[in-house]
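Only one structure is covered here, and it is reproduced in the block below.
The values are calculated or read from the model by the stated rules, or taken from the named source; none is laboratory data. The model shown is predicted, which means the values in this text are computed figures rather than measured ones. So basically every Cβ, Gly included, is an ideal-geometry build from the backbone, and we count neighbours across all protein chains shown.
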Amino acid sequence: MNDTPGWASPGSSPSDGRQPDVPGAQTPEQPSDQSGTDQPQPSATWSKAQPPPGQWTAPQPQGPGQAPPPPPPGPGWGARPPAAPGGHAGPGGGWGAPQQGFGGYGSWGGAWGPPPAAKPGVIPLRPLGVGEILDGAVSTMRTYWRTVLGISLTVAVVTETVVILLQGLVLKDTTDTNTFNDPSASMSEVSRALGDALLGSAVVMLLVLLGTIIATALLTAVTSRAVLGRPVTAAEAWRDARPQLARLGGLTILLPLMAMTIVAVGALPGILIAWSGSTAAGVSLAFLGGLGTGVVALWIMIRFSLASPALMLEKQGIRKAMSRSVKLVRGSWWRVFGIQLLAQVIAGIVASIVVIPFTLMAGVFSGDGLGSLMGGSTGHPGWTFLIISGLGSVIGRVITFPITAGVTVLLYIDQRIRREALDLELARAAGLQSHGSDVPGTTAGS
């Protein structure tokens, strides 16, 4: 039997169970509650009222695959002997501590393992599995639903209201969709209409991105408190996140720009070739170049995917947060990618379940029917369509904001627990002073 760190060897008798045959050696007396290898002889001072012979035998050496014998009766068996000073052996150099006899906790025949990790909040303070990360995000929504719902609903309603007003009052006058369906339109007219459409889409995307930044910042503060089991109000989350909002906005805009620039550089040679006249070859080269650089852009984005919680929770600048993300993701790229992809797929499915029915109802109640959804309508969407579809977008964002933000924050915490033993700091912050010291020879967060 091999010794494990922090545990004494199981007894000091020879491995064959017999006392060494040394001439003149005296056999020491053994207490009745200690399992010696030979049955002790009665002392002259013992009482004559002894059990008849043959009712108790000393434990015999166990061969491979044999089950341990049942514990003999008597006081002391099944109890945990005290540890000797300077070590973990019990009194008399016997079994190591902790020990509860045969078949007990930490002994032969019993399952030994560390005690359950402390769970002051929505996750246990140890390395997390994929299901625990997703469950932690959902538990945060369920436990602190007032704060989470208040933040998500406020941000989604404000963002969607501004988008609807822009689409209904401003963008409908700048975008001429009839030009795309006019075969006699000149190239300049098509280019101008395409530029206006791209500008309108960019404005809408910028507003949605702004709302996402604010929701992510506030929900990061909520999730970080939920890990410790501490509630937080929306006002407290705002005070905590407000100093970092500008940096978070810069980071959120910088990362997509980096990805688009990388893809554009890869597709540029093909675009130039197509522009010069070789359309087929240029399009093929642009597709292959964009696909190759798209893989590179994805690899870089995953390496920077934990920069947002690092920036918010560590109060770092943009460059330092990106560096921290690279350090935390190093060696775990595929795991981080898989969890992030799973969270996005779940959020996309949930959003589709909510948004698509509202969009269909908007097409029916607006009077355009389903033709407007399939591109058959050349006019601008009316107010009925914008309001009903916007209502579906609000509900979808209320559900998906906490999922995506919570998974990213918990994934960041999980990577820090695995690499930096953050669970010890979280335990101290939660008031669990003994966390990580219950099991000898183990290191929390390993």
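Going by the structure shown, is Ile339 farther than 30 Å from Ala421 by Cβ and not acidic (Asp, Glu)? Judged against the criteria, Ile339 is not a match.
Quick one: in the stretch 237-271, of everything that is polar (S, T, N, Q) and more than 24 Å from Phe287 (Cα to Cα), which residue is farthest from the chain's Cα centre (by Cα)? Full working, then the answer.
Residues of the stretch 237-271 polar (S, T, N, Q): 244, 252, 261.
Next, only the ones that are more than 24 Å from Phe287 (Cα to Cα) stay: 244, 252.
Numbers: Gln244: 22, Thr252: 20 Å.
The selected residue is Gln244.
All conditions but one from (1) in contact (Cβ under 8 Å) with a residue 40 or more places away in the chain; (2) buried (at least 17 other Cβ atoms within 10 Å of the Cβ); (3) not acidic (Asp, Glu) apply to Gly229; the one that does not is (2).
On inspection, Val138 fails the criterion of being within 17 Å of the chain's Cα centre (by Cα), in a loop (DSSP other than H, G, I, E, B) and either polar (S, T, N, Q) or modelled with pLDDT of 90 or more (or both).
Kindly provide the set of residues from the stretch 299-324 that are within 12 Å of Leu251 (Cα to Cα) and small (Gly, Ala, Ser), ordered by number. Please lay out each step first, then the result.
Let us first name the residues in the stretch 299-324 that are within 12 Å of Leu251 (Cα to Cα), namely 301, 304-312, 316-322.
Of everything in the stretch 299-324, those that are within 12 Å of Leu251 (Cα to Cα) and small (Gly, Ala, Ser) turn out to be Ser305, Ala307, Ser308, Ala310, Gly317, Ala321.
Candidates Val148, Val122: the one that is of a type in the set (A, V, I, L, M), closer than 16 Å to Val232 by Cβ, modelled with pLDDT of 75 or more and touching a Pro at 6+ places or on another chain (Cβ under 8 Å) is Val148. Do we find that Arg419 is surrounded by fewer than 18 Cβ atoms within 10 Å (Cβ to Cβ), at pLDDT 90 or above, closer than 30 Å to Leu341 by Cα and within 28 Å of the chain's Cα centre (by Cα) in this structure? So Arg419 passes the test. Across the stretch 298-323, the qualifying residues are those that are over 16 Å from the mean Cα position of the chain (by Cα) and not in a helix (DSSP H, G or I), and the one among them that is nearest to Val409 (Cα to Cα) is Glu314.
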